[in-house]
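Q: Here it is, the structure, as structure tokens.
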Amino acid sequence: MQDVTITINGDIVTGTIDERTLLLDFIRDVAGKTGTHNGCLEARCGCCSVEVEGDIVKSCNVLALQVAGRSVTTIEGLSKERLRPVEHVTSQSLAGMYAPLEAMGADVNDLHPVQVAFHQCHALQCGFCTPGMVMVMKNYLEENPEPTRDDVRTAIAGNLCRCTGYQHIVDAGMMAAETMRSQPDNSRPAPARPAHDH
Amino acid sequence: MRAFTYLTPSAPTEVVEMLDAHAPDARVIAGGQNLLLGMKDRSDSPAFLVSLGGVSELEGVRAADSGELVIGAATTYATLARMEFTGWHAEIASVCGNLADRPVRTMGTIGGAACAADPRYDIPALVTGVGASLEVLSAQGVRTIEPSDFFLEGGGTSLQPGDLLTAVRFPATEAFTTVVFEKFRQRVFDAALASTVLALRVGDGVIEDLRLTVGATTPRPTVCVTSTAGLIGQPVDAIEPVLVADAAAIEVLGPETSNDPPHLRYQRELIKSVTRRALIRATAIPRS
């Protein structure tokens, strides 16, 4: 057992962990941030992608010890204003809602442009892969603000989605890129845009 | 994963001391992208992990006085992909930016790929293809190993317990006019099913040096000798991509027979097409 300190979304988290603890397990079990999903555990599906000091990694294939003392951004760290906890809607009722964000009392301005684009383009169905998709997309778009659709597809090659067929995810990537170009300060996303017509 | 002790040295000599102290149960972990997968399914179960995370000396790129490009073994693919190299060295960045996927490239290192020596990885093929040498540190001191001695014919490497790969030394930009890497893979993030490296030096339209290497289809990359024999000294136009590629497939996998199993026939076709592509791409540059 070893004491490890990792800064997660700005919070300093210290835990006494087994050496075998993966970064993914540290984030979910020690820090309690369950937005990062445990998909395949073999670095294939990309659901567990998080940023370590601006670099994207698959947290299921990194030991917590390898990032000891460094800072990690998870999907929860993307929204500056934290969403109000969902108490009054179940996931089932949320799925049937026309405007789930509004039902949760959240404003689109609370979200990162990539999250807004995923919402507006309907780039998720079950949503399991979404935390990883969003993190990889954000990381990629910050490096390349003017991607083609093929570039976006290649960038998310390491993220698997079994629902959407990727079309809407690529749409969302293109829309987010446009927003991020017009709004270089990502902490203040642009107001809502009309949804794509599909 | 079986339990292990995690060690954090800060200098290469300290790494070697730790490896020696705990041999043969100690393994080096750089990015861990390959090692951790093996540890999870217990095909690898080292009792000690020696981390290179704090050994900054092993990261980064420098030019040696000889003009060689010395890449620290713990330099990640992501770092190399962002480099703006001159001449054929740009192909190194291009290879590193076009393998596995984005998150894996953040952690994966060039030395890790060389030590894993999986024939389907791009680095063993590239290192063999351009004749880069591998610098190894052990308690006995530093030694430099040629790829033909580093990668063993039956697969794996000649590294012994207590050896630490510290750098990969690529030849100077003058060594080749152009280096072309071509590969075929099923999905973007898959390892190659066949790859080819063509390193070419041309002076006044005449081939001064030519190295053709085929990777991913044999336990270690195969340097093609007979299929390129006689080309040195010839004008570039003398290269017949189709003929050379067909000969290379035979040289790597043996002559075609009517009993070839389907996977062998598939590999043959892949070798022909990636080699043809590499030859066409490489010879187009000096001609223009």
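Q: For region A:32-44, state whether one or more residues are under 25 Å from A:N144 (Cα atoms), in a loop (DSSP other than H, G, I, E, B) and more than 10 Å from every other protein chain (Cβ to nearest Cβ).
A: yes
Q: State the number of residues belonging to region B:230-260 that are more than 23 Å from the chain's Cα centre (by Cα), β-branched (V, I, T) and either surrounded by 12 or more Cβ atoms within 10 Å (Cβ to Cβ) or not assigned by TED's automatic domain parsing to the domain that holds B:L198 (or both).
A: Adding up the residues that qualify gives 4.
Q: What are the residue pairs meeting all of these: first residue in region A:2-20, first residue within 16 Å of A:V62 (Cβ to Cβ), second residue aromatic (F, W, Y) and in a strand (DSSP E or B), Cβ atoms under 6 Å, and 6 or more apart or on different chains?
A: Close Cβ pairs satisfying both conditions: A:E19/B:Y6.
Q: Select, from B:A175, B:A100, B:A132, the only residue that is touching a Gly at 6+ places or on another chain (Cβ under 7 Å) and in contact (Cβ under 8 Å) with a residue 24 or more places away in the chain. Walk me through how you get there before you give the answer.
A: Values: B:A175 fails: touching a Gly at 6+ places or on another chain (Cβ under 7 Å); B:A132 fails: touching a Gly at 6+ places or on another chain (Cβ under 7 Å).
Criteria check complete, one pass: B:A100.
Q: Of the conditions (1) surrounded by fewer than 21 Cβ atoms within 10 Å (Cβ to Cβ); (2) part of a loop (DSSP other than H, G, I, E, B), B:R211 clears all except one; give me its number.
A: Failing condition for B:R211: (2).
Q: Identify the single condition in (1) over 22 Å from B:F151 (Cα atoms); (2) in a loop (DSSP other than H, G, I, E, B) that B:Y6 does not satisfy, given that it satisfies every other one.
A: Every listed condition holds for B:Y6 apart from (2).
Q: Identify, by number, the condition in (1) under 13 Å from the mean Cα position of the chain (by Cα); (2) crowded, with 16+ Cβ neighbours inside 10 Å that B:S148 doesn't meet.
A: Tallying (1) under 13 Å from the mean Cα position of the chain (by Cα); (2) crowded, with 16+ Cβ neighbours inside 10 Å, B:S148 fails exactly one: (2).
Q: Within the set of pairs 6+ apart or on separate chains, which have a first residue in region B:27-41 that is in the same structural domain as B:L164 (by TED's automatic domain parsing) and closer than 17 Å to A:L24 by Cα, a second that is buried (at least 21 other Cβ atoms within 10 Å of the Cβ) and of a type in the set (G, A, S), and C-beta atoms under 8 Å apart?
A: Listed by first residue and then by second, the contacts come to nothing, as the list is empty.
Q: Is region B:109-125 home to any residue that is within 14 Å of another protein chain (Cβ to nearest Cβ), touching a residue at least 40 places away in the same chain (Cβ under 8 Å), within 27 Å of A:I156 (Cα to Cα) and hydroxyl-bearing (S, T, Y)?
A: Yes, the conditions are met somewhere in region B:109-125.
For (1) within 25 Å of B:T8 (Cα to Cα); (2) among the β-branched types (V, I, T); (3) surrounded by fewer than 16 Cβ atoms within 10 Å (Cβ to Cβ), each residue gets a yes or a no:
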{"position": "A:T5", "(1), (2), (3)": "yes, yes, yes"}
{"position": "A:I12", "(1), (2), (3)": "yes, yes, yes"}
{"position": "A:D25", "(1), (2), (3)": "yes, no, no"}
{"position": "A:V30", "(1), (2), (3)": "yes, yes, no"}
{"position": "A:E42", "(1), (2), (3)": "yes, no, yes"}
{"position": "A:C48", "(1), (2), (3)": "no, no, no"}
{"position": "A:E51", "(1), (2), (3)": "yes, no, no"}
{"position": "A:V62", "(1), (2), (3)": "yes, yes, no"}
{"position": "A:V67", "(1), (2), (3)": "yes, yes, no"}
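The values are calculated or read from the model by the stated rules, or taken from the named source; none is laboratory data. Every value quoted in this text rests on a predicted model; they were computed, and no experiment measured them. Please note: Cβ atoms are built from the backbone with ideal geometry, for glycine as well, and neighbour counts cover all protein chains shown.
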